[in-house]
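Please read the structure below before turning to the comments.
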Amino acid sequence: MSKYKIKSTDKAALKEYDLKSALYQTMYENKSFNKNLSNHALYHALMKSLIEDENAMDKEVADRVKDQKRKHDDDEDPPTGPNQ
């Protein structure tokens with residue numbers, strides 16, 4: 001079983017990311033962003049948005065791992081030295 005439960009907001013964000021990614025891939029494959037200036041600007045805005053989404057997802061995962069580790073560390077007894 002998965003350690004982390006995916007919330008409905010996460011699912012919506014993933015679906016939006018997948019749609020953006022598919023659009024980006026289509027634009028890249030057919031080079032439509034080179035056909036006119038407005039497409040070029042949209043392509044770069046889409047690329048920037050994808051990078052921001054990836055960074056946000058990476059941060060979210062890192063925060064969850066950090067929280068899990070913190071909870072795990074709180075459960076442990078304090079370390080004892082050889083003189084104690």
Scan segment 52-68 residue by residue and report those that are surrounded by 12 or more Cβ atoms within 10 Å (Cβ to Cβ) and either polar (S, T, N, Q) or over 18 Å from S21 (Cβ atoms) (or both).
R64, V65, Q68
Taking the criterion of being among the aromatic types (F, W, Y), within 11 Å of the chain's Cα centre (by Cα) and part of a helix (DSSP H, G or I), would at least one residue in segment 17-26 satisfy it?
yes
Single residue of segment 1-44 satisfying the filter (among the charged types (D, E, K, R) and surrounded by 10 or more Cβ atoms within 10 Å (Cβ to Cβ)) that is modelled with the lowest pLDDT:
D10
Residue under evaluation D77, criteria (1) loosely packed, with under 10 Cβ neighbours inside 10 Å; (2) of a type in the set (D, E); (3) part of a helix (DSSP H, G or I); (4) at pLDDT below 85, criterion not met
(3)
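The values are calculated or read from the model by the stated rules, or taken from the named source; none is laboratory data. The structure presented is a predicted model; accordingly, all values stated were derived computationally and were not measured. All Cβ positions, even for glycine, are placed from backbone atoms using ideal geometry, and neighbour counts span all protein chains on display.
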